[in-house]
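Participant: One structure coming up, written as structure tokens, with questions to follow.
The values are calculated or read from the model by the stated rules, or taken from the named source; none is laboratory data. Predicted model, so just to flag it, every value in this text is computed and none were measured. Here the Cβ positions follow ideal geometry from the backbone for every residue, glycine too, while neighbour counts run over all protein chains shown. SASA here: full protein model, heavy atoms, side chains in, ligands and nucleic acids out. Shrake-Rupley method; radii C 1.70, N 1.55, O 1.52, S 1.80 Å.
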Amino acid sequence: MAAALFTYLFFFASISTTLAYDPDMLQDLCVADKSSGVKLNGFPCKAEANISEADFFFAGIAKPGVVNSSVGSLVTGANVEKIPGLNTLGVSLARIDYAPDGLNPPHTHPRATEIIFVLEGELDVGFITTANKLISKTVKKGEIFVFPRGLVHFQKNNGDKAASVISAFNSQLPGTQSIALTLFTSTPAVPDNVLTKAFQVGTKEIEKIKSKLAPKKS
């Protein structure tokens, strides 16, 4: 009985570990065919005859982006949506540029751990554990900081000069869920009585926050 229980626990632990990250590839490559109508976990493979070097190349994070958001940051992803050749490889990058006093607001990545490398500037960064403990540090050019998978985290440029980082993820498509945007701009909307109860404020305050976060009409 004990041996059988041990075997089951070992098997369960092995399966859990295997499923904790993007699935391993079963061939040399599986370039994403994003035009396919087939829905699955990831993307179907493009026919090998149609694969080219362009499927594995992206120049979009070579230079700083133009930051014009209200929070003062710009995230440029280099994931499977930009690089089809990343499909099934379980990795991706992003570049984040920050204006002086810019913020990458509190958010999570549900499918990946993130590690940042500071290209320029100095940032105050941190994440919050499920025990509600803030782990934070100031990081400078050439330094690295890690944000564990699924935990709320942020980066803030408190300097008077622009800053930039390269982020790496152990997922081809880590996903990003902004805490503020998720709660206040979802469709359909989160009921006001849920938000007023959660934040212990009145409906007017909730509506004011929603109006500030609402997408600008073109």
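Participant: Taking only DSSP H segments of four or more residues, each worth -39500 (n - 2.57), what value at 222 nm results for the chain once the sum is divided by all its residues, to the nearest 500 deg cm²/dmol? Provide the component values of the computation, followed by the final result.
Facilitator: On the way: 4 runs with 42 residues, N = 218.
Here the helix-only value at 222 nm equals -5500 deg cm²/dmol.
Participant: Continuing with the same structure: Quick one: accessible area per residue over the chain, 1.4 Å probe, rounded to a whole number of Å²?
Facilitator: 64 Å²
Participant: For the chain, place one equal point scatterer on every Cα, skip the solvent, and apply the Debye formula. What is log10 of I(q)/I(0) at q = 0.08, 0.09, 0.10, 0.12 Å⁻¹?
Facilitator: Computed log10 I(q)/I(0) values: -0.39, -0.49, -0.60, -0.83.
Participant: Summing Lys, Arg as +1 and Asp, Glu as -1, what charge do residues with Cβ under 14 Å from the Cβ of Ser186 carry, Ser186 excluded? Intermediate values should be presented prior to the final figure.
Facilitator: Working: positive: Lys210; negative: Asp192.
Once all neighbours under 14 Å are counted, the net charge is 0.
Participant: Next question. Lys and Arg at +1, Asp and Glu at -1: add these up for the other residues within a Cβ distance under 10 Å of Lys141 and post the number. Can you show the working numbers first?
Facilitator: Details: positive: Lys140; negative: Glu120, Glu122, Glu143.
Net local charge, Lys141 excluded: -2.
Participant: Straight-line reach from Lys137: which aspartates and glutamates fall under 19 Å, measuring Cα to Cα and dropping same-chain residues less than 8 apart?
Facilitator: Once the sequence-local aspartates and glutamates are set aside, what remains near Lys137 is Asp97, Asp101, Glu114, Glu120, Glu122, Asp124, Asp160.
Participant: Over the chain, what is the relative contact order in whole percent, taking alpha-carbon pairs under 8 Å and six or more residues apart? Intermediate values should be presented prior to the final figure.
Facilitator: Numbers: 409 pairs, mean separation 41.8, N = 218.
It rounds to 19 percent for the chain.
Participant: Cross-link partners among lysines for Lys216, C-alpha distance below 19 Å, same-chain residues fewer than 8 apart left out?
Facilitator: Lys208
Participant: Could you tell me which residue out of Pro188, Ile128, Ser69 lies farthest along the dipole of the chain toward its positive end? Charges go on the beta carbon: Lys and Arg +1, Asp and Glu -1, centred on the Cα centre.
Facilitator: After comparing all options, I get Pro188.
Participant: Mind checking which lysines have their C-alpha under 21 Å from Lys46, skipping anything on the same chain fewer than 8 residues away?
Facilitator: Lys34, Lys82
Participant: For the stretch 68-73, just list the computed ³J(HN,Hα) in residue order, Karplus coefficients 6.51, -1.76 and 1.60, θ = phi - 60°, integers in Hz, with x standing in for Gly and Pro.
Facilitator: 9, 7, 5, 8, x, 9
Participant: Could you tell me how many cubic angstrom of Cα convex hull volume the stretch 161-217 has per residue? Can you show the working numbers first?
Facilitator: On the way: hull volume 9.9 nm³, N = 57.
That works out to 174 Å³ per residue.
Participant: Take the alpha carbon atoms of the stretch 159-191, find their center, do the same for the stretch 58-123, and report the distance between the two centers in whole angstrom.
Facilitator: 10 Å
Participant: For Glu114, list long-range residues whose amide hydrogen, built 1.01 Å from N in the peptide plane, is under 5 Å from its own amide hydrogen.
Facilitator: Phe147, Arg149
Participant: Could you please state how large a percent of the accessible area of the chain is carbon and sulfur, counting protein chains only and using a 1.4 Å probe?
Facilitator: Values: 8650 of 13930 Å².
Looking at the chain in its full context, I get 62 percent from C and S.
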